[in-house]
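Structure record follows, encoded as structure tokens.
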Amino acid sequence: MMKNSFIHTPLHVLLVSSNFCRKNEPREAYGTSCLAGAFWNSPANAGDTLDVFTCDLNRFQKMNGDFNIEWNLVASEVVTRVLIGGYNVVAFSVFGWCEKMVALAGAELRRRVPEIFIMLGGASIFGSEDVLRRRFPFADMFTLSYGEKIFANLRHYINQGVSRMMDLPKFGELESPYLSGVISLGGGVDTVRAETRRGCSFRCSFCKHRDTLSGKVYRIDNYERHLDELKLFKEHGVKKLNVLDPLFNDYEGHGEQYLKLIRKVGFSGKVTLQIRPELLTERFMEEASLNPNVSFEIGVQSLDPTVLKTIQRGSYKTEAQLREKLDRCRELGVATMVTLIYGLPLQTYDSFARDIGIVKSYGVGKIGAFPLQVYSGTKLADDIGLYGLTLKEDAFGIPEVVDNPTHDFEKMQKLAETI
């Protein structure tokens, strides 16, 4: 489309996201707040305005089950907000769980306000322009990269007339939404999210966490930022810090140094880190053991070498590596959680039961077992036919495996529910 020009017209932007809002967490999503901060703090946007609107999906759940959302009502709320506010640009943050809302709201906005400029970004925005236009025919611009640089000079990027936009920020210079005041603490907020990395260097066939451009890891190497964030969290009595990095311990020394910062500041809240067992170093585990509130979330998904090879997750060494690291964490007193997936290609009931038994034998604090979700744009989505997997959309429109020729799926599901 790209028919609009804002050379002489002020931008009046509504940034839309959706979330299951909780009283003890910031209402606005972390990523949305990063984009809003980039816009508000940039001199290039002088004279332009941006508001953030977060749809609280809790308000739209049907009475007959969790996560069964009245998507038409959610979309209607977004459209109403746009019309009342007189916005001329709407930017949607698009993830798997809210694609239905975006599709409904975007189409209705295009029908009712033909001249409005609609831009989409987020993990669900990937692929060629033709593919994106088939999925979202109402959109004017698609942002395929992390969006801070684009939002810091939004008028410039809109007026370029390019519908598929990619331009990465300088990650070491990104401002913290907490330190800039975009996310306010207090008022009952005691759980926060922070980041030190974006993207993932691994190529698991089922995963959407990797960077949308290249599979690279981008490091937010800003010691002062991390230090000041932790001080702020301590001052406001934050009780839990979830580090968003898809892979926290991605190279020697990083995880250890961040944990030392936590100790230096004296932050006493719980800290949850997503890690891979094969990258856990002795020094990292020893540093974690000095803080009783640090816990590791270890996602192995399976311990069966055949399954792991199929999903490009690990190798025949994964089980031995997990055993070794769980042994050491237990010796050091580091709390652990292990997550598994059922419904994987070539997985059997016996192999899944064996995985659960091994993990249980180490007395980990929690075991999570989740059905396999198949996201568009992943290698697994392209390979569904090879493995004979049967899919069904969940309440959010995300395809889940509901049948697998190598095992009785319902039996697997019942086993997972007993953990």
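The values are calculated or read from the model by the stated rules, or taken from the named source; none is laboratory data. Because the structure is predicted, anything quoted here is derived from the model rather than measured. Counting neighbours? That spans all protein chains shown, and the Cβs are built from the backbone with ideal geometry, glycine included.
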Can you name the condition, by its number, that Gly363 falls short on among (1) touching a residue at least 40 places away in the same chain (Cβ under 8 Å); (2) more than 25 Å from Gly96 (Cα to Cα)? (1)
Which ones in region 69-81 are of a type in the set (A, V, I, L, M) and within 13 Å of Ala107 (Cα to Cα)? Ala75, Val78, Val79
Any residue in region 218-241 that is under 24 Å from Phe370 (Cα atoms) and surrounded by 19 or more Cβ atoms within 10 Å (Cβ to Cβ)? yes
Wholly within region 352-419, which strands (runs of 3 or more DSSP E) include no fewer than the required count, namely at least 1 residues that are of a type in the set (Asp, Glu) and assigned by TED's automatic domain parsing to the domain that holds Asp304? 390-393, 399-403
Can you tell me which of (1) of a type in the set (Ser, Thr, Tyr); (2) crowded, with 17+ Cβ neighbours inside 10 Å; (3) over 23 Å from Val189 (Cα atoms) is the one Thr281 doesn't meet? (2)
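Has region 245-262 got any residue that is part of a helix (DSSP H, G or I), within 16 Å of Val192 (Cβ to Cβ), touching a strand residue (DSSP E or B) at 6+ places or on another chain (Cβ under 7 Å) and aromatic (Phe, Trp, Tyr)?
Checked against the condition, which is being part of a helix (DSSP H, G or I), within 16 Å of Val192 (Cβ to Cβ), touching a strand residue (DSSP E or B) at 6+ places or on another chain (Cβ under 7 Å) and aromatic (Phe, Trp, Tyr), region 245-262 yields no hits at all.
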All positions within region 110-142 that are of a type in the set (Val, Ile, Thr) and without any contact (Cβ under 8 Å) to a residue 24 or more places away in the chain: Val131
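Of all residues in region 9-33, which are among the polar types (S, T, N, Q) and either more than 17 Å from Phe95 (Cβ to Cβ) or in contact with a Lys or Arg (Cβ under 8 Å, 6 or more places away or on another chain) (or both)?
Thr9, Asn19, Asn24
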Per the filter on region 378-419, residues aliphatic (A, V, I, L, M) and touching a Cys at 6+ places or on another chain (Cβ under 9 Å) are Leu380
Of the residues Ile150, Ile158, Ile125, which is of a type in the set (Val, Ile, Thr), at pLDDT below 95 and in contact with a Ser or Thr (Cβ under 7 Å, 6 or more places away or on another chain)? Ile125
Among the listed residues Thr196, Thr212, identify the single one that is among the polar types (S, T, N, Q), surrounded by 18 or more Cβ atoms within 10 Å (Cβ to Cβ) and modelled with pLDDT under 90. Thr212
Being assigned to a loop (DSSP other than H, G, I, E, B) and modelled with pLDDT of 95 or more, is that true of even one residue in region 270-290? yes
